[in-house]
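Before any comments, here is the structure.
The values are calculated or read from the model by the stated rules, or taken from the named source; none is laboratory data. Here the structure is a predicted model, which means the values were calculated and not measured. Backbone-built Cβ (ideal geometry, glycine too); neighbour counts: all protein chains shown.
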Amino acid sequence: MSRRLLIALTAVAVVSVAPEHAQALAATDPIRALSLTGMALAADSTHRRTLEVRLAILQALDRQSTNSNERGWLAAGIRDVEARLK
C-alpha cells in the first residue's frame with residue numbers, strides 16, 4: 001500500500017469517527033475533545049458534523065470560563081466555526 005493511500009485512508013477514518021468520539025469526550029475532557037475536532041478538520045475542513053461538535057464544545061467552554069483572555073480566544077473560535085458552517 002502506498003504511503004499516500006495510507007494517509008488518505010487514515011484521514012477518512014479519523015473524520016468518520018471523530019465527531020461522535022469528541023462529543024462523548026467533551027463531557028469529561030473538553031480540551032482533548034476540541035483537539036480531536038481539530039485533527040479531524042485538518043483532514044476535512046468542511047466536515048459539517050465535526051464543525052457542529054466543535055462549535056458546541058467551544059460554546060460550553062465559553063459558558064464555563066471566567067477568564068477574559070480565554071473568553072476572547074473562545075469567541076474567536078466560535079465566530080470562525082459559525083462562518084465555516086454558513
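Of all residues in segment 1-41, count the ones that are loosely packed, with under 13 Cβ neighbours inside 10 Å, at pLDDT below 85 and assigned to a helix (DSSP H, G or I).
Final tally of qualifying residues: 13.
Just to be sure, is V53 surrounded by 14 or more Cβ atoms within 10 Å (Cβ to Cβ), part of a helix (DSSP H, G or I) and at pLDDT below 95?
So V53 fits the description; yes.
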